[in-house]
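The structure under discussion appears below in the form of structure tokens.
The values are calculated or read from the model by the stated rules, or taken from the named source; none is laboratory data. Note that the structure is predicted; figures quoted are calculated from it, not measured. So basically every Cβ, Gly included, is an ideal-geometry build from the backbone, and we count neighbours across all protein chains shown.
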Amino acid sequence: MMTIFEIEKPINELESAIAELRQLALEKGLDRSREIAELEAQRERLLRQIFEHLSAWDKVLLARHPKRPYALDYIRLMCESFMELHGDRLGFDDPAIVAGLGKMGGYKLVIVGQQKGRDLKERQQRNFGMAKPEGYRKAMRMFRLAEKFRLPVLTLVDTPAADPGVESESRGISESIAQSMLTLFELTVPTIAVIIGEGGSGGAIALAATNRVLMLEYAIYSVIPPEGCAAILYRDPNKAPQAAEALKLTADRALELGLIDGIIPEPLGAAHRDPQTTALSIRAAVLQQLETLSQLSPEELREQRYQRFRNIGVFQTAQ
Amino acid sequence: MMTIFEIEKPINELESAIAELRQLALEKGLDRSREIAELEAQRERLLRQIFEHLSAWDKVLLARHPKRPYALDYIRLMCESFMELHGDRLGFDDPAIVAGLGKMGGYKLVIVGQQKGRDLKERQQRNFGMAKPEGYRKAMRMFRLAEKFRLPVLTLVDTPAADPGVESESRGISESIAQSMLTLFELTVPTIAVIIGEGGSGGAIALAATNRVLMLEYAIYSVIPPEGCAAILYRDPNKAPQAAEALKLTADRALELGLIDGIIPEPLGAAHRDPQTTALSIRAAVLQQLETLSQLSPEELREQRYQRFRNIGVFQTAQ
Amino acid sequence: MQRRAAVSMIPEQWVQCIKCKKILFRPDFERALRVCTHCGYHHRLSARERILYTVDPDSFRETDAELRSADPLGFPEYAEKLRKGVATSGEQEAIITGTATLNGYEIVIGVMDFGFMGGSMGSVVGEKVTRAFERAAERKLPVIMFCASGGARMQEGLISLMQMAKTTAAVGKLHRTRMPYIAVFTDPTMAGVLASFASLADVILAEPGALVGFAGQRVAAQAGVSKAPANFQTAEFQYEHGMIDLIVPRRQIRPTLAYLLEMLLP
Amino acid sequence: MQRRAAVSMIPEQWVQCIKCKKILFRPDFERALRVCTHCGYHHRLSARERILYTVDPDSFRETDAELRSADPLGFPEYAEKLRKGVATSGEQEAIITGTATLNGYEIVIGVMDFGFMGGSMGSVVGEKVTRAFERAAERKLPVIMFCASGGARMQEGLISLMQMAKTTAAVGKLHRTRMPYIAVFTDPTMAGVLASFASLADVILAEPGALVGFAGQRVAAQAGVSKAPANFQTAEFQYEHGMIDLIVPRRQIRPTLAYLLEMLLP
Ligand SMILES: [Zn+2]
Ligand SMILES: [Zn+2]
């Protein structure tokens, strides 16, 4: 399996060269702008070339890219203000889920996001973005807060999976996922989910039973990790790329299947090359949906959400 | 401090003598009925004599008597049927609180009781009747079940205190007590609490924010254990009997102060000498209250409960 | 996974317990509802057997039997697996739903069949579960769900994940009618089914020894589930951890359901 | 417990931090809202100081100031303790309630005073808290409660235990109006107050290092609380365990409350 670093290698090399030239120009006071412009054009050509023909597996790698912006990055970039709140009020505060009150484009929002860690230490502290039951219970507390104070809910989904460990099992990880979905279904305020990175199975849909579900262009959303699927299907986890294709876990496939409501485009070269622009795109897409949803009455919001999911499913009827 | 065993010693001695005589009469085929009747009369006189002049401290000892019937004893004796349900659906099942569905005199009830253990092993397993947060959260789950299915709630209170340990603190024992009361206040079905033994502070009132609060004759209900009060007041835990007096923690004092709605009389010699009769007395008292409360509408029930507690408090108004 | 006791080498009237390996006299075994008369092990039941053992005789009316899985993703081997599921289980899908009476109480009932693709939940299972809850909500009937599932059906990709949300929403619809919903976790009740409609019942029963958990054993192993207790992911483990009301031997399931219906129905 | 830094041996313009024992220049200390300028220790505030530091200037209007404790049980030493409470705190009871504005938002506010009988909750505290929530519910105003209490007031026996239920019910009344209720746990927030209205806020803030817990240290010690972590029963411990939203240094309390009001008010 190719890693994301191999795909990006030629681009990264060009970018290094450009940076070196710029440094050189600065230090020696020389005009290397023509050379730089040429390299930049080359970089852009290469990027376009690579990103025009991304496989499902490439997108899996992009969704998991270690430099990909995480929930708090986007929150910081797209909100006018944000105050994180803590705790499930049941004995725990799960760092794999962040939640709080934020302002964005005139809206006051409850925001709940799955948060991976950037360096090794934070990654461990945030359990690689794998929420435990207390994470979903903190989310539910925030959903109820949103309902009480009539605030729309924005969730940012980015998790490989819910935590599968003994501790999580012993505190009811399954129940917490089911309850989180049920709580979202009972709300009468607008709710929007954006899959920003990995939409990993039950761990993801727990936060995505919303009026609208959007995906970033290179995010993935899947019932099973491609490696797990490959292990079952081909008895070989290394065939994950084939499994990724079969699972149709990319944003474009999900939209074709009618499972999501829109794709938020990423800048050329994916979100990690321009978090700012990506954040503004998310912001614009969310605000647009909020405007539409704000036209609906509380009961209509609940009913729209019910029907949205009720109608998903493909089957035949025998005579 | 006198123990309950010292108080009961002469009675126990008489009871042994009576039993011995009966055994003797049986074995030897002799008629000792006159002697037995005499001893029994003596026993009754002595019981009356002792139980006419019980101090507050005597009642503390009776409320904590190791032979005193516990919640499950009463449930078995007074219900036509009972099915215990388990779990807080959050990761725990607290054996210090039992809860379930029972039938009693034509009523279908949700019953929640604090349960001490009879022998050493059960006592430890049930944590001496000291509930942890999960106990109150199991209770809340049952209260919500009662609300959903419009079943009246009966709680049986018998705890020295809520569990004060590290584990309980770390899972929010205070929050669980507060939420339990709040959940009871929000119900729109009839709710009745019976203090059957020790009504220990926050651990007790968590289950007693009900439309009616009844006490068994020798139950106690207190803001602080008399030993703790004595330690603060007299800097001497051995002065618990004086503290018990000062705290007015007995059923008759609570009734005088207007804090409870009725006293359920115990058989001569206290509940442990006749659990069956005590259970039937509880049953009769609860059924009577249920009949009255069933006349009220859901909203009236909530309002009556609010006003019942709202009006408790003794203070003056300065000019 | 072996679905139920059946070892071809021994004559028809004998059957071997898959737990204790004792040879049992089939009529005894059947009379005990496929619970080992020696060690008490609860062998898996087909959905039809379960219905037979649970509801009042001749009261079951199947609904939505005509629904059939499509292959929306054109997923490798799916069509073949479906055919095999039909062949081995004798059913058209991994759940049977319908109406029935239990001790005289009118109910909506769903029974999953592990023999059909491991009881996995795809579009048809999701739709049948959803219709069952919707029908119960509309007609003000209680719902009883016997769960037996390995989780979501991978072969329908994201569509099957969505069935978790869809069935959850349907449970919410029933909840609002104040009609009782009782779930029975049978061996196994896992992953996508456990993490959706199964866990949302008002009262949850489980059969002794049933496998009940979130992550499949492969995932759990990868996650370093080494310090797991001996009874990890069993009904008993979940009961200890407050997720199950009662563990009920098969023989007692029917009277337990009847009592609960009596208590919870208006 | 020593209520705040005040060591008589050192001249008026100096004050000693009760935590790090450093001698601080009083004007600096006061400007820092009685937070040690050396070690950051948050010294206790009287209720009046707290109000001064929290609400808009001259906006505070006290309510129910005329309520006085009775001695319903004729409890040993109670009358004397009440007199002493008045003398040492300068207040008539362990809580001050009223209306005010905070950054322009109209609020109902309650501030407990640990200096009055350890901030214990008897009939007057219970009544004032209840009236505050009732008034807020009626006028559709948010409530902010600064908690500082050792728990229920033993000297009123069962009557004071009942104040837990009474104030809890009053919070419920506010909740139904969808008006925000924000609690601030200050040193100490314990027992009967923590286990009633304090824990039921929509958002809970706490000052750094505040003692926050259920059982008094005597009880906890008896219960064998030996394997307790170093920060047991502090705001930091409760925060780690999901019971507190944010630990907020004193200086930031006012802007934090203002932001929360802005976000939660319609
Ligand atoms: Zn066997
Ligand atoms: Zn200091």
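Give D:THR37, D:THR63 a once-over and let me know the one that is modelled with pLDDT of 95 or more, more than 16 Å from ligand 1 (Cβ to nearest atom) and β-branched (Val, Ile, Thr). Going through D:THR37, D:THR63 in turn, just one is modelled with pLDDT of 95 or more, more than 16 Å from ligand 1 (Cβ to nearest atom) and β-branched (Val, Ile, Thr): D:THR63. Of the residues making up region D:258-265, none is in contact with a Gly (Cβ under 9 Å, 6 or more places away or on another chain), surrounded by 24 or more Cβ atoms within 10 Å (Cβ to Cβ), in contact (Cβ under 8 Å) with a residue 24 or more places away in the chain and among the hydrophobic types (A, V, I, L, M, F, W, C).
Assessment of region A:50-71 against the conditions (in contact with a helix residue (DSSP H, G or I) (Cβ under 9 Å, 6 or more places away or on another chain) and farther than 30 Å from A:ILE192 by Cβ) yields at least one matching residue. Taking residues in region D:169-191 that are under 16 Å from D:GLY209 (Cα atoms) and touching a residue at least 40 places away in the same chain (Cβ under 8 Å), and partners anywhere that are assigned to a loop (DSSP other than H, G, I, E, B) and of a type outside the set (D, E, K, R), the pairs with Cβ atoms closer than 6 Å and at least 6 places apart or on different chains are D:PHE185/D:ALA210; D:THR186/D:ALA210; D:ASP187/D:ALA210; D:MET190/D:GLY150; D:MET190/D:GLY151.
The selection criterion, being touching a Gly at 6+ places or on another chain (Cβ under 6 Å), surrounded by fewer than 24 Cβ atoms within 10 Å (Cβ to Cβ) and modelled with pLDDT of 95 or more, does not hold for C:GLY172. For the criterion of being touching a Leu at 6+ places or on another chain (Cβ under 8 Å), over 30 Å from A:ARG273 (Cβ atoms) and among the β-branched types (Val, Ile, Thr), A:THR210 fails. Tell me, which residue of region A:267-304 that is charged (D, E, K, R) and either more than 20 Å from the chain's Cα centre (by Cα) or within 14 Å of chain C (Cβ to nearest Cβ) (or both) is surrounded by the most Cβ atoms within 10 Å (Cβ to Cβ)? The selected residue is A:ARG302.
When B:ALA146, B:ALA161, B:ALA209, B:ALA139 are checked against the criterion of being closer than 21 Å to B:PRO226 by Cα and of a type in the set (Gly, Ala, Ser), B:ALA161 stands alone in meeting it. Look at (1) in contact (Cβ under 8 Å) with a residue 60 or more places away in the chain; (2) part of a loop (DSSP other than H, G, I, E, B) and you find that B:VAL286 fails only one, number (2). Being in contact with a strand residue (DSSP E or B) (Cβ under 7 Å, 6 or more places away or on another chain) and more than 11 Å from chain B (Cβ to nearest Cβ), is that true of even one residue in region D:151-163? Scanning region D:151-163 turns up no residue that is in contact with a strand residue (DSSP E or B) (Cβ under 7 Å, 6 or more places away or on another chain) and more than 11 Å from chain B (Cβ to nearest Cβ).
Confirm whether A:GLN49 is over 15 Å from the mean Cα position of the chain (by Cα) and modelled with pLDDT under 95. In short, yes. In region A:261-280, the qualifying residues are those that are part of a helix (DSSP H, G or I) and in contact (Cβ under 8 Å) with a residue 60 or more places away in the chain, and the one that is farthest from A:PRO69 (Cα to Cα) is A:LEU280. Of note, A:GLN307 does not satisfy the criterion of being surrounded by 15 or more Cβ atoms within 10 Å (Cβ to Cβ) and part of a helix (DSSP H, G or I).
Of the residues in region B:161-205, how many are farther than 24 Å from B:LEU151 by Cα, free of Cβ contacts under 8 Å to residues at least 60 places away in the same chain and hydrophobic (A, V, I, L, M, F, W, C)? The total comes to 3.
If you filter region C:224-266 down to residues that are in a loop (DSSP other than H, G, I, E, B) and small (Gly, Ala, Ser), you find that the one that is modelled with the highest pLDDT is C:GLY242.
Being of a type outside the set (A, V, I, L, M) and in contact with an Asp or Glu (Cβ under 9 Å, 6 or more places away or on another chain) is the filter; apply it to region C:11-34 and report the residue that is nearest to ligand 1 (Cβ to nearest atom).
If we take residues in region C:11-34 being of a type outside the set (A, V, I, L, M) and in contact with an Asp or Glu (Cβ under 9 Å, 6 or more places away or on another chain), then C:ARG34 is nearest to ligand 1 (Cβ to nearest atom).
Consider region C:26-69 and keep the residues that are without any contact (Cβ under 8 Å) to a residue 12 or more places away in the chain and more than 14 Å from chain A (Cβ to nearest Cβ). The one that is farthest from ligand 2 (Cβ to nearest atom) is C:ASP58. Looking only at residues of region D:32-64 that are within 17 Å of the chain's Cα centre (by Cα) and among the aliphatic types (A, V, I, L, M), we find that the one that is surrounded by the fewest Cβ atoms within 10 Å (Cβ to Cβ) is D:LEU52. Listed by position, the helices (runs of 4 or more DSSP H) inside region A:77-195 whose residues that are within 14 Å of chain D (Cβ to nearest Cβ) number at least 3 are A:133-148.
Checking each residue in region B:153-175 for being in contact with a Pro (Cβ under 6 Å, 6 or more places away or on another chain) and surrounded by fewer than 24 Cβ atoms within 10 Å (Cβ to Cβ) picks out only B:ARG171.
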